[in-house]
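Colleague: Structure below; questions to follow.
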Amino acid sequence: MAYPHLLAPLDLGFTQLKNRVLMGSMHTGLEEEKNGFDKLAQFYKERAEGGVGMIVTGGVAPNFRGRLTPGACQLSFPWQVAKHRKMTDVVHQAGAKICLQILHSGRYGYHPFSVSASDIKSPISPFKPRAMSLRQIKKTVKDYAASALLARKAGYDGVEVMGSEGYLINQFICTHSNQRQDEYGGSLENRCRFALDIINAIRAKVGTEFIIIFRLSMLDLIEKGSTWDEVVQLAKWLEEAGVTIINTGIGWHEARIPTIVTSVPRAAFAWVTEKLKKEVSIPLIATNRINTPDIAENIIASGQADMVSMARPFLAEPQFVNKAANNEAHLINTCIGCNQACLDHTFSLKRATCLVNPRACYETELNFGQTPRPKRIAVMGAGPAGMAFSVYAAKRGHDVVLYEAKSEVGGQFNFARQVPGKEEFDETIRYFLNQIELANVDLRLNTRLTPDIIEKEQFDEVVIAAGVIPRALDLPGFDDAKVVNYQQVLNKEVEIGNKVALIGAGGIGFDMAHYLAEQHSSTIDPQQWYKQWGIDTQYQHAGGLMPAEQHQPEREITLMQRKSSKMGKGLGKTSGWVHRSVLKQHQVNMLTGVSYIKFDEQGLHIEIEGKPQLLEVDNVVLCAGQESNREWVDAMQKTGLPVHLIGGVDVAAELDAKRAIRQGAILASEI
């Protein structure tokens, strides 16, 4: 049997889970859309049919003040039950279980009605919360219990109580945000009272045969966070109070340590779940950056946890469990942890989806049914857009020939995957290569598509996905051999010296700076990564924090931009701060408001606020954007066939694989 530990059932006494795989909580944005619960039902249905053992929904508030935003989802009234039953019914029909996550935002609430243990403002919300009165605390406990009872009436198999990531319950637990002097502040027993009151109230309402998961913050990663002894004590109290399963929570949202982005090593926090397993007897769930069945199997087999939680991997691949069970792990569309279409969308109040799977959360809108009129289609360029279109179009029944002038597929992904922390991009290329073979796409490498080939092969339509080329700057001295573009560096066509200036501070500029600064990726060396970020795996310090290891830079790097705005402003909403932190760790010098004058034997001449400066550098690397590679567009259009442009050849903005793959998928669904 493939993955025998991961796919083994888990007995909870009063019920059994068919395997050890939990689809973790994700807020999709569908919760607030018109007819959103119909779309959510299809979203969960496909994951349940894909073999997952249990699903936890996105966070739902137990009352108005607990909402993340004023219009966010809440379960407090009987009339709300019916829309939730749409989801529970289809999940049960597919053989899986589903739990409602109850989440009170506390001081993370993005509205003026937020409350917390104390009136201490969060650094990630503009609103200062009010300290909860004893009456409000008692009422909120009742609201949690009432919400859990409504969840049971809606057909949920249980609830997950969100007690981590810095939300309200976590705010009571830690002195970081709890400065109360009454029975809910001060001692650990008092600070944990709110959490335990909630669990006791829920259990009293729903009875014994109902799953209660508690998401316990095992590693706060903030100053004045919980000590290890405090984590253990609360876990034991939760077990005594009747919690069925404890799920692992890692880091507060305000913590300045990455916990889920792609540069975090796989299963980087399973060690803390393993540490707690020695202290309690109820099942524990490991989480964060678990994205392959091999990693998940090893966690269960080695005794680090009883279950694994994967959230974003189920955005990327609904059939994750079935493919693992069928020994088809190589066919899984692996989550690359980029955050670009999921968390970045969520925190921008957009519908979540997935960069590598544009159907995610669009299951009722983006589909690839068999075409009634099969066509013979030529595709130029096997980057993300070209591969996505080719696979989806071929699955619809079109005869697709994919031409790539280079010897390998991947396009810009082949550059991205060389950057430290972006090794996961290998997985997307592997996935598409397998899908190209399965869909019978005729892949022709080392072959440039030309009008002569189009005429000879008798195509019906042409899709151009030729990508982008680096933008050159026409300045004095920029034709010197020491002035190169980012592609030349990543292709290893040039030797780069110890003093480097980078022109352009978008995503490419940041990636280039990281590539030149970090010779050995810490992402594939977890022990080095823990030291780099100051994570105390011995847990001798509160919050699991210790001083980060200081890095001695191997190169002197200066990153520059013309704009005077904040450096890296256009980076991902949930990952940009990580990229900025990494460059600071490597002591990269960042300059804004720069005018570029010339390059000569002295170095790069620039001006900042009208004042001339000389950067004595060995090389200048151009990361100043891209231009659409339209060299062959006119010739293709002269063939008289319908020609479609997708990806970078259509719009050469900052490199955008999310848009490229989605655009390819949409065209394939319509052509």
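No lab work stands behind these numbers, since they all come straight from the coordinates. Everything numeric here is computed off the predicted structure, so don't read it as measured data. All Cβ positions, glycine included, derive from the backbone under ideal geometry; neighbour counts span all protein chains shown.
Colleague: For the range 520-671, what mean projected area does the convex hull of the alpha carbons give, in nm²?
Modeller: Its Cα hull, projected and averaged over all orientations, spans 15.2 nm².
Colleague: For residue 463, list long-range residues whose amide hydrogen, built 1.01 Å from N in the peptide plane, is under 5 Å from its own amide hydrogen.
Modeller: Placed amide hydrogens put 378, 379, 380, 644 under 5 Å from residue 463.
Colleague: Hey, got a sec? Which GluC sites (Glu not before Pro) in the range 116-220 land in a DSSP loop and have at most 16 other Cβ atoms within 10 Å?
Modeller: On the way: sites: 160, 165, 183, 189, 209; in loops: 165, 183, 209.
Hits after loop and neighbour filter: 183, 209.
Colleague: May I ask for the percentage of alpha-carbon pairs in the range 41-196 that lie more than 18 Å from each other? Each step should come with its number before you reach the end.
Modeller: Working: 7048 of 12090 pairs.
Tail fraction, whole percent: 58.
Colleague: Could you state the number of Å between the C-alpha centres of the range 422-489 and the range 385-417?
Modeller: With the range 385-417 and the range 422-489 each reduced to a Cα centre, they are spaced 9 Å.
Colleague: Between the range 1-38 and the range 193-225, what is the C-alpha centre distance in whole Å?
Modeller: Here the two parts' Cα centres lie 19 Å apart.
Colleague: With everything on Cα atoms, drop me the angle between helix 576-585 and the longest principal axis of the chain, reported from 0 to 90° to the nearest 10.
Modeller: The answer is roughly 80 degrees.
Colleague: Please get the size of the charge dipole for the chain, origin at its Cα centre, with Cβ charges of +1 on Lys and Arg and -1 on Asp and Glu, quoted in debye to the nearest 20.
Modeller: So the dipole magnitude of the chain works out to roughly 2440 debye.
Colleague: Here's something else I'd like to know. Return the percentage of antiparallel bridges among DSSP beta bridges fully within the chain, rounded to the nearest 5 %. Provide the component values of the computation, followed by the final result.
Modeller: Values: 17 of 80 bridges.
Restricted to the chain, the bridges split so that about 20 percent are antiparallel.
Colleague: Given an 8 Å cut-off on Cα distances and at least 6 residues of separation, report the relative contact order of the chain as a percent.
Modeller: Contact order relative to length: 12 percent.
Colleague: Okay, helix-only estimate at 222 nm for the chain: each DSSP H run of n ≥ 4 adds -39500 (n - 2.57), divide by all residues, round to 500 deg cm²/dmol; what do you get?
Modeller: -9000 deg cm²/dmol
Colleague: Thinking of the chain as a set of Cα atoms, what percent of all their pairs are more than 47 Å apart?
Modeller: When every Cα pair of the chain is considered, 21 percent fall beyond 47 Å.
Colleague: Any idea what diffusion coefficient the range 10-346 gets from Stokes-Einstein, in µm²/s, Kirkwood Rh on alpha carbon pairs, 20 °C, 1.002 mPa s?
Modeller: It diffuses with D of about 108 µm²/s by this estimate.
Colleague: Could you pull out the trypsin sites (Lys or Arg not before Pro) across the range 569-646 that fall in loop regions by DSSP (anything but H, G, I, E, B) with no more than 14 other Cβ atoms inside 10 Å?
Modeller: Those satisfying the criteria are 569, 573, 638.
Colleague: Does the range 405-467 come out rounded, prolate or oblate, given a ≥ b ≥ c as the square roots of the eigenvalues of its C-alpha gyration tensor, rounded meaning a/c under 1.5 and, failing that, prolate meaning a/b above b/c?
Modeller: Taking the square roots of the gyration eigenvalues as a ≥ b ≥ c, the range 405-467 is prolate.
Colleague: Which of the trypsin sites (Lys or Arg not before Pro) across the range 322-353 are loop residues per DSSP, with 16 or fewer other Cβ within 10 Å?
Modeller: Counting only loop positions with at most 16 other Cβ atoms within 10 Å, the trypsin sites (Lys or Arg not before Pro) in the range 322-353 are 350.
Colleague: Using only the alpha carbons of the range 621-665, determine the length spanned along each of the three principal axes and report them from longest to shortest in whole angstroms.
Modeller: 39, 26, 10
Colleague: Turning to a different aspect of this structure: Taking the Cα centre of the chain as the origin and placing charges on Cβ (Lys, Arg +1; Asp, Glu -1), which of 570, 243, 643 is farthest toward the positive end of the dipole?
Modeller: So the residue furthest toward the plus end is 243.
Colleague: Additional query: For every other residue with a beta carbon closer than 11 angstrom to the beta carbon of residue 644, add +1 if it is Lys or Arg and -1 if Asp or Glu, then tell me the sum.
Modeller: That sum, taken over residues with Cβ under 11 Å, equals -3.
Colleague: Here is a further query. Of the listed peptides 54-62, 359-367, what is their order by residue-averaged count of other C-beta atoms within 10 Å, with the highest listed first?
Modeller: Details: 54-62: 26.0, 359-367: 18.6.
Going from most to least packed, we get 54-62, 359-367.
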